[in-house]
Structures are given as C-alpha cells and as structure tokens.
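Report on the following structure.
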Amino acid sequence: MKILFVSPLPPPAASGIANWTKQLLKVLDKRSVDYDIVDTAVRWRTPTDLNFLKRLTGGTLQAFYVIFKTIFKLFTYKPDVVHICSSGSMSLSKDCLLLLILKVFRAKSVFHVRIGRIPELSDKKNWEYRFIRAATKLSTKTVLIDKASYDTLDKDGLSDRIVNVPNFIDICQAEDVVPFAQGKTRGDVKNLLFAGHVIPTKGICELFEALKSLENKKILLHLAGPVTENFKKELDSYGINERVVFHGEVSKAEVLSLMKFADAFVFPTYTEGFPNVIMEAMICRLPVLSTPVGAIPEILDFDTETPCGYKFDVRSSESLAEALGYFYDNGKEFELFSERAYKKVCEYYSSESVVQKLIDLWSVV
C-alpha cells in the first residue's frame, strides 16, 4: 500500500498540523509503510503575519504549486491513496479543486479536516461549511477529528462518507525531559504556561487582562511561541511585564521542558481543532485550564463527573481571572485533574492505537 500525503511539515515548528504529520511519518517508518509527501507548509510568510492580501496572493500561488506537484506524484509515485490534510478557511478552495482532479483521475482520496469549528460553521451555513460539504462529497472518505464535527455532518446526510479519528501523541516523548530550571521561582509563586502562536485569536489579550486583575496572586506567566514586535508592544501596555516571561519560538523539547516545570497550562484560544499542545500537557501531568472550543471539551471531559481539566468562557477576561484564581487556591483539585488526564491520553490518544485506525482506513477506501 502506497500513501501520498498532501500535508505540511516543520518548519514552522509551531504548526500543529505540521508536527502531527511529522509524528505520523515517524510511526509509519517503524511499520514500514510506503509513503511520499507533497509538503504544503507556508514559508513565504510568518505564522503571525495575517495580512489578508498577502495570504490571498501567496496562498493562490502556493495552491497551484501544490496541485501541480500532486498531479506529478500521481503519475510518478502512483499512490493507492492520496491523504489531504486541510486547515479549512481559504485553503478549502484548493482542497476541493484537488479532490475534483483526483476524482477525474479515479484516484482514491482521504480528506482530513483538521478544524474543530464545523458545528459553528454549520449553524451559519456559510461558504466555509459549503466547501467542507463539497470536499466531503468529492473525497472517497473524510476524516473528522472530533465527535461534534462527526455528528454535524452525520445529521447532514453524509454518514457514509465520514469517519472520526482523533489526533494522537507519543506517550513516551516526555519521559526523559528535564524540567526547565532557568530563573525558577520559589515559594508560593505559581508558574503559568501558554505555548503556541502569541496572537490575539489565542486569547492572549484576555490572558493579560485577567493576570492584571489578579494583583494579589503571585502568578508568573510564561509565553512560549512566536510574537510580532507590534503585538509585543501592545502587550507591554498592560504594565505587567515583571510578571511575564517571553520565551519566543522554542523547540518541541523546550516546550515539554517548560511543561515539566510549570504549575498549570492555560489555553484561552477562540477557536481550535484537536490541539496537540493539550495532549502534550496531559502526558506531562500538567493541569490544563482552557476555553471549551473545538475538540477540547471532548479531550478534557468538561461537564462530566470526572473532568480532566478546568474550563472558562471564550473572550472573557473575567471568566479567565476567576479560573486562575480558583486554580491558585485549589491546587490539590488540579492535581487530580492532571492524573485523570494522563490516564485518558494513554488510553485513547496513543500513537500506536490511533495510527492503526488510519492504516485500516487506507486499506478499505
């Protein structure tokens, strides 16, 4: 069986889909699966550069390059299945065109939707949802990363075309990681970690507002991820720089080291798919506080009798401040959350079990 992936690879190191692809290929190498890849990583702009015109022109040029290269591989590599990973949004037009071309050539395809906002898009019935439905109908099978997305397309009459396969993680990758020690604080100071793109849509402004309101709590915030100079200046205006450490863009090993060091992981994102960074915190036994978006409620069992994390409202600095205050005063309860989280990630999201689901899917499409 020969698989052609149309998916990004690192760098940029902070890309969740790229890191997922890299980990998947490592597992496939161990199983001697024959594969090739068309790398779709965006390298002509920085992850924090969200200029619409640049994204439109650069994205259009890259889309034609990806389509051309995939067609070339179709004839030279001759894959049994073409597996396309999609981050949604503007790339969906390219995905649909590529899937249509594959259908014309009678090539089997898997469309892997790597976003968790499908229920929200369905409610709006907007162009993005229409593209997702079109791509689902064009592909041989569509992979969805969370149950809510699966249920949405199932109710839309697409049950015969969709499967639900979660993200995965190498459970052992954090075992030998040494906790970050530089500048380690003592006493009753709580070290709070955020890892990812330091941009407004990750809830960073709300995080700074919440931290500013908690002047009586000894909390030190660590930010691990790329940030533009303009946004850094905006964050400086909150006047809490003495309570914040900017680590910049760091490697995966450094992120895990910070997770081993921190007291809690905070993730105030506005929208998300199935974030690997949450699972990384889980394997490090690091308590997680997060907004309930994408697959996160499913991962952390929010609103159940045995939650694995603590939630707060999207775009609400007040709700976030309450959550941080509760964490600060109830450390023992969050230790229980982290132990439950570790057990769950081992049981449901290990690379061995999840990758096998993909291999089984490729063999039957």
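Every number in this text was worked out from the coordinates using simple rules, so none of it is lab data. Since we're looking at a predicted model, the values are computed, not measured. In this analysis, Cβ positions are derived from the backbone assuming ideal geometry, glycine residues included, and neighbour counts consider all displayed protein chains.
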Taking amide hydrogens as modeled 1.01 Å from N in the peptide plane, which residues meet the under 5 Å criterion relative to GLY88, leaving out close sequence neighbours?
ARG114
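Suppose every Lys and Arg Cβ carries +1 and every Asp and Glu Cβ carries -1, with no other charges. What dipole size does the chain come out with about its Cα centre, to the nearest 20 debye? Working shown, then result.
On the way: 47 positive and 45 negative charges, 306 e Å.
For this selection, approximately 1480 debye.
If the only charges are +1 at each Lys and Arg Cβ and -1 at each Asp and Glu Cβ, what is the size of the charge dipole of segment 27-95 around the Cα centre, to the nearest 20 debye? Display every interim value, and only then the final one.
Values: 10 positive and 7 negative charges, 41 e Å.
My answer is approximately 200 debye.
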Contact order normalised by residue count of the chain, Cα under 8 Å, 6+ apart, percent:
16 percent
If one computes the Cα centroid of segment 122-193 and of segment 19-73, what distance in Å separates the two points?
18 Å
Using the Cα atoms as the points, what is the convex hull volume per residue of the chain in Å³?
137 Å³
Could you run the Karplus curve 6.51 cos²θ - 1.76 cosθ + 1.60 with θ = phi - 60° over segment 88-93 and give me ³J(HN,Hα) per residue in whole Hz, x for Gly and Pro?
x, 6, 5, 6, 5, 5
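So how much slack lies between ARG45 and GLU339, counting 0.36 nm per residue of separation and subtracting their Cα-Cα distance, in nm? Each step should come with its number before you reach the end.
Values: separation 294, 0.36 × 294 = 105.84 nm, distance 3.94 nm.
Stretched out fully, the ARG45 to GLU339 stretch lengthens by 101.9 nm.
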Once amide H atoms are placed 1.01 Å from N in the peptide plane, what residues at a sequence separation of 5 or more from LYS311, or on another chain, have their amide H within under 5 Å of its amide H?
SER290
Using the structure shown, select from LYS78/LYS124; LYS94/LYS202; LYS260/LYS343; LYS73/LYS155; LYS69/LYS232; LYS94/LYS344 the pairs with a Cα to Cα distance greater than 28 angstrom.
LYS78/LYS124; LYS73/LYS155; LYS69/LYS232; LYS94/LYS344
Options THR269, THR304, ASN216, ranked by Cα towards positive dipole end of segment 199-307, top entry (Cβ charges):
ASN216
Amide H contacts under 5 Å for ILE219, restricted to residues at least 5 apart in sequence or on another chain and with H modeled in the peptide plane, are LYS190
Neighbourhood charge, 13 Å Cβ-Cβ cut-off, centred on TRP362 and excluding it, Lys, Arg +1 and Asp, Glu -1
+2
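Relative to the present Cα-Cα distance, how much length would full extension add between GLU347 and VAL189 at 0.36 nm per residue of separation?
On the way: separation 158, 0.36 × 158 = 56.88 nm, distance 3.30 nm.
Full extension of this stretch gives 53.6 nm more.
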Dipole-positive endmost among LEU193, PHE231, CYS346 within the chain (Cβ charges, Cα centre):
PHE231
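Taking the Cβ of VAL244 as the center, what net charge do the other residues with Cβ under 11 Å away carry, scoring Lys and Arg +1 and Asp and Glu -1?
On the way: positive: LYS212, LYS232, ARG243; negative: ASP236, GLU242.
Surrounding charge for VAL244 is +1.
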Around LEU214, with a cut-off of 12 angstrom between Cβ atoms, what is the net charge of the other residues, counting Lys and Arg +1 and Asp and Glu -1?
0
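Calculate for the chain the 222 nm mean residue ellipticity that helices alone would give, adding -39,500 (n - 2.57) per DSSP H run of length 4 or more and normalising by residue count, nearest 500 deg cm²/dmol.
The helix-only estimate for the chain comes to -14000 deg cm²/dmol at 222 nm.
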Calculated log₁₀ intensity ratio I(q)/I(0) where the Debye formula runs over C-alpha points of segment 172-348, q = 0.15, 0.18 Å⁻¹:
-0.80, -1.22
Need one number: nm distance between label points at ASN216 and GLU322, each 7 Å from Cα along Cα→Cβ, rounded to one decimal.
1.7 nm
Sort segment 285-340 into rounded, prolate or oblate with this rule: let a ≥ b ≥ c be the square roots of the eigenvalues of the Cα gyration tensor; rounded if a/c is under 1.5, and if a/c is not under 1.5, prolate when a/b is larger than b/c, oblate otherwise.
oblate
Taking 0.36 nm per residue of separation between GLN173 and PHE231 and subtracting their Cα-Cα distance, the length gained on full extension comes to 17.6 nm
